[in-house]
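The values are calculated or read from the model by the stated rules, or taken from the named source; none is laboratory data. Source: prediction; values computed, not measured. With ideal geometry, Cβ positions are generated from the backbone for all residues, glycine too; neighbour counts draw on all protein chains shown.
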Amino acid sequence: MEKGLLIVLSGPSGSGKGTVRAELMKKEHFAFSVSATTRGPREGERNDVDYHFITREAFEGKIQREEMLEYTTYNGNYYGTVKSEALEMIEAGKNLLLEIEVEGAMNVKRVYPEAVLIMLLPPSFAEQERRLRGRGTESDEIVNGRLARTYEEMEYLPHYDYVVYNENVDACAEDILSIIHAERCAMRRHPNAKEHYFGQ
């Protein structure tokens, strides 16, 4: 069975990652990886459905044993993708889409070099700032912090395979699907194409 692809989608605040991911999920079926976390479940959340809720000791044990494909900390809690679950989906021929930060993306590439890294950007930095301030939900201090963070994130850009500009959500999703379809046909993913063709 042909392996699936591991697609990593990153982007600065205001790039529209969540909206584009939702549009992608409507257009094509992607496998969904349940993240592990050390935070407690919120009302209505179910273990192994919304998250794998595990202890800090268990999570750190997985890190030490290199059982995490990627992980990060947020508000004092760990969040991450269990490597065995992700790779099992890919080996089963399913495409797995991860929406993660740049540091996590670098870890994914280190653990799984075949991963396809896509950086999603607003049309320009000026447009990013306009979007963030236009939300009206965050203070100037927070917005300025997000904009400053963008400079740090752009330092990782050379490590990405593709950059896609999000001017229109539908067109942006179609661009990403085109990348995925092209990657499935890439020669490096079909090293036995000649043998397969001749039935050897």
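For the range 110-200, which helices (runs of 4 or more DSSP H) that fit wholly inside it have 2 or more residues that are at pLDDT 90 or above and either touching a strand residue (DSSP E or B) at 6+ places or on another chain (Cβ under 9 Å) or aromatic (Phe, Trp, Tyr) (or both)?
125-135, 140-154, 169-185
Identify all residues within the range 5-48 that are β-branched (Val, Ile, Thr) and under 23 Å from GLY136 (Cα atoms); write none if there are none.
Selection gives THR19, VAL20.
Find all pairs meeting these conditions: Cβ atoms under 8 angstrom apart; at least six residues apart or on different chains; first residue within the range 39-54 and on the phi > 0 side of the Ramachandran plot; second residue exposed (fewer than 10 other Cβ atoms within 10 Å of the Cβ).
Listed pairs, sorted by first residue: none to list.
Only residues that are of a type in the set (A, V, I, L, M), crowded, with 19+ Cβ neighbours inside 10 Å and more than 12 Å from the chain's Cα centre (by Cα): list them for the range 8-30, please. Don't jump to the end; show me each part of the working.
Initial filter on the range 8-30 (of a type in the set (A, V, I, L, M)): 8-9, 20, 22, 24-25.
After this cut, where a residue has to be crowded, with 19+ Cβ neighbours inside 10 Å as well, the list is 8-9, 20, 24.
Once the filter is applied, which keeps residues that are of a type in the set (A, V, I, L, M), crowded, with 19+ Cβ neighbours inside 10 Å and more than 12 Å from the chain's Cα centre (by Cα), the range 8-30 yields only LEU24.
For LYS94, are the conditions met, namely being farther than 20 Å from THR150 by Cα, under 14 Å from the mean Cα position of the chain (by Cα) and charged (D, E, K, R)?
no
So for the range 43-51 (the condition being charged (D, E, K, R), within 22 Å of LYS83 (Cβ to Cβ), in the same structural domain as LYS83 (by TED's automatic domain parsing) and part of a loop (DSSP other than H, G, I, E, B)), does at least one residue qualify?
Looking for residues that are charged (D, E, K, R), within 22 Å of LYS83 (Cβ to Cβ), in the same structural domain as LYS83 (by TED's automatic domain parsing) and part of a loop (DSSP other than H, G, I, E, B), one finds at least one in the range 43-51, hence yes.
Within the range 46-60, which residues are among the hydroxyl-bearing types (Ser, Thr, Tyr) and either surrounded by 12 or more Cβ atoms within 10 Å (Cβ to Cβ) or under 20 Å from GLU101 (Cα atoms) (or both)?
TYR51
Name the residues in the range 61-102 that are part of a helix (DSSP H, G or I), of a type in the set (Asp, Glu) and surrounded by 15 or more Cβ atoms within 10 Å (Cβ to Cβ), would you?
Narrowing the range 61-102 to residues part of a helix (DSSP H, G or I): 61-64, 83-91, 102.
Of the ones still in play, those that are also of a type in the set (Asp, Glu) are 85, 88, 91.
Passing the criteria: only GLU85.
Out of all the residues in the range 165-182, is one or more in contact with a Cys (Cβ under 6 Å, 6 or more places away or on another chain), surrounded by 12 or more Cβ atoms within 10 Å (Cβ to Cβ) and not assigned by TED's automatic domain parsing to the domain that holds THR72? Spell out how you get there, then give the answer.
Taking the range 165-182 and keeping what is in contact with a Cys (Cβ under 6 Å, 6 or more places away or on another chain), we get 166.
When the remaining residues are screened for being surrounded by 12 or more Cβ atoms within 10 Å (Cβ to Cβ), the result is 166.
Now drop any that are not not assigned by TED's automatic domain parsing to the domain that holds THR72, which leaves 166.
Yes; the residues of the range 165-182 include at least one that is in contact with a Cys (Cβ under 6 Å, 6 or more places away or on another chain), surrounded by 12 or more Cβ atoms within 10 Å (Cβ to Cβ) and not assigned by TED's automatic domain parsing to the domain that holds THR72.
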